[in-house]
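Here's the structure we're looking at; comments come further down.
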Amino acid sequence: MSDGGTRKRVLIVDDEPANVHALASALRDQCLLSFATSGAKALELASAGGVDLVLLDVVMPGMDGFEVCRRLKAEPSTRAIPVIFVTALGDAEDETRGFDVGGVDYIAKPIRPGIVRARVRTHLELKTARDLLEQLALLDALTGIANRRRFDEALEHEWQRAHRARTWLTLGILDVDHFKKFNDHYGHAEGDRCLRAVAQAAAAALRRPADLIARFGGEEFAFILPDSGPAGSGAVVRDLLDRIRALGLAHAASPTVERVTVSAGVISLMPEAVPLGASSAMVSADRLLYEAKQNGRARAILLDFSTGARSELLEAPSDGLVA
Ligand SMILES: [Mg+2]
């Protein structure tokens, strides 16, 4: 992925080297460049990653530009790359076809360098803005961690991945105890600060790149630990509870203990070996969370779905909380 501070990479695709050279000399100072002289090579380079825009010849032997574009748009990893057709056809029907297969613009041959630069600049700027919006759409505005939409996408993806790879997956739901009482007592601004602090503390306990925690709604958070079974997830949840406790946020209105605590339900399973889908697994985690609340809050209940074994982790056993 490239950000606003780095130069963007444009992939130039044309079966005639003279055309490749003409486009390259127009863009050399503005962009990083890659080249392909066939549709197959273009697809290979694009799916390898790092391409921000494609300039695509229409008439090529073998796979033509329309087919290359159609395949780029059919593939999730290359779908977002804007494609500008470069063509001498100048035919309204062909232009329409180019837009139909997902192209964003046309440049006519013989090319004029100023036009090429302007069109490429415009579409790179649009792509940067779209990427930013996409990122923002997946973040929770209050806490800065992932939002529910991002979580749902990741859950689907990780569930399928774990299913194929026959690996463990751990899912958890976390809820701030007596949060309504906290808001009533301290006000909503403090409530927001509390949620941000809990989100950051919980996020800090999830250390591997693929681990994900999201705000699920209200004072509820959910997390995914890919490749993590009962032992590994137990350590993460222990660390998470310790970090919440270390925040030491006062909660004078809590009947549990006079600081902010959380309850959690956590399930570890191998998707390939269970008769459940991802959403049923989340329902199970939610039931465990409910049980943790019933048992006195400030604790996590963990279930190893393969054996049915449960364990209960108290947030702070020394606080006099009853197990
Ligand atoms: Mg050609």
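With the structure loaded, tell me whether residue 48 is free of Cβ contacts under 8 Å to residues at least 60 places away in the same chain and either under 12 Å from residue 14 (Cβ atoms) or not assigned by TED's automatic domain parsing to the domain that holds residue 96 (or both) or whether it fails that test.
no
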Practice prompt. Return yes or no: is residue 61 closer than 23 Å to residue 43 by Cβ, more than 14 Å from the ligand (Cβ to nearest atom) and not polar (S, T, N, Q)?
Written response: no
Discussion item. Can you say whether residue 238 is in a loop (DSSP other than H, G, I, E, B), in the same structural domain as residue 181 (by TED's automatic domain parsing) and under 16 Å from residue 312 (Cα atoms), as far as the supplied structure shows?
Written reply: no
Response to the item:
Over segment 82-100, the set of residues crowded, with 19+ Cβ neighbours inside 10 Å and either more than 23 Å from residue 112 (Cα to Cα) or of a type in the set (Gly, Ala, Ser) (or both) is 98
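Here's the yes/no breakdown for (1) charged (D, E, K, R); (2) over 22 Å from residue 280 (Cβ atoms):
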site: 164; (1), (2): yes, no
site: 170; (1), (2): no, no
site: 173; (1), (2): no, no
site: 181; (1), (2): yes, yes
Worksheet item: When you look at residue 55, is it buried (at least 19 other Cβ atoms within 10 Å of the Cβ), among the hydrophobic types (A, V, I, L, M, F, W, C), at pLDDT 95 or above and at negative phi, yes or no?
Response: yes
Worksheet, complete the sentence: Within segment 196-211, of all residues that are of a type outside the set (Gly, Ala, Ser) and surrounded by fewer than 21 Cβ atoms within 10 Å (Cβ to Cβ), the one farthest from residue 300 (Cα to Cα) is 209
Worksheet item: So residue 50 clears everything in (1) at pLDDT below 95; (2) surrounded by fewer than 17 Cβ atoms within 10 Å (Cβ to Cβ); (3) within 16 Å of the ligand (Cβ to nearest atom) except one condition, right? Which one?
Response: (3)
Worksheet item: touching a Ser or Thr at 6+ places or on another chain (Cβ under 8 Å), under 25 Å from residue 125 (Cα atoms), touching a residue at least 40 places away in the same chain (Cβ under 8 Å) and not assigned by TED's automatic domain parsing to the domain that holds residue 153, is that true of residue 86?
Response: no
Discussion item. Criterion first (in a helix (DSSP H, G or I) and either charged (D, E, K, R) or within 22 Å of residue 195 (Cβ to Cβ) (or both)) does residue 297 satisfy it?
Written reply: no
Response to the item:
The one condition residue 67 fails out of (1) of a type in the set (Asp, Glu); (2) within 16 Å of the ligand (Cβ to nearest atom); (3) under 21 Å from the mean Cα position of the chain (by Cα) is (3)
Worksheet item: Which residue, of 302, 288, is assigned to a helix (DSSP H, G or I) and crowded, with 21+ Cβ neighbours inside 10 Å?
Response: 288
Discussion item. Name the single residue that is farthest from the ligand (Cβ to nearest atom) among those in segment 16-42 being surrounded by 16 or more Cβ atoms within 10 Å (Cβ to Cβ) and within 14 Å of residue 109 (Cβ to Cβ).
Written reply: 26
Item to complete: State whether one or more residues within segment 173-187 are of a type in the set (S, T, N, Q) and farther than 17 Å from residue 267 by Cβ.
Response: yes
Discussion item. If residue 115 satisfies all but one of (1) surrounded by fewer than 15 Cβ atoms within 10 Å (Cβ to Cβ); (2) closer than 24 Å to residue 75 by Cβ; (3) β-branched (Val, Ile, Thr), what's the number of the condition it fails?
Written reply: (2)
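Among the listed residues 12, 107, identify the single one that is within 24 Å of residue 129 (Cα to Cα), at pLDDT below 95 and out of contact with any His (no Cβ under 8 Å at 6 or more places or on another chain).
After ruling out the rest, the residue left standing is 107.
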Item to complete: Could you figure out which of (1) of a type in the set (S, T, N, Q); (2) within 16 Å of the ligand (Cβ to nearest atom); (3) more than 20 Å from residue 17 (Cβ to Cβ) isn't true of residue 77?
Response: (2)
Discussion item. For the condition at pLDDT below 95 and surrounded by 15 or more Cβ atoms within 10 Å (Cβ to Cβ), what is the one hit in 254, 263?
Written reply: 254
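Is it the case that segment 2-11 has a residue that's aliphatic (A, V, I, L, M), surrounded by fewer than 19 Cβ atoms within 10 Å (Cβ to Cβ) and within 16 Å of the ligand (Cβ to nearest atom)?
The initial filter retains those residues of segment 2-11 that are aliphatic (A, V, I, L, M), namely 10-11.
Filter again for surrounded by fewer than 19 Cβ atoms within 10 Å (Cβ to Cβ), leaving none.
Looking through segment 2-11, none of the residues is aliphatic (A, V, I, L, M), surrounded by fewer than 19 Cβ atoms within 10 Å (Cβ to Cβ) and within 16 Å of the ligand (Cβ to nearest atom).
The values are calculated or read from the model by the stated rules, or taken from the named source; none is laboratory data. Please read all numbers here as calculations on a predicted model, not as lab measurements. Don't worry about glycine lacking a Cβ; one is built from the backbone with ideal geometry, like all the others, and counts go over all protein chains shown.
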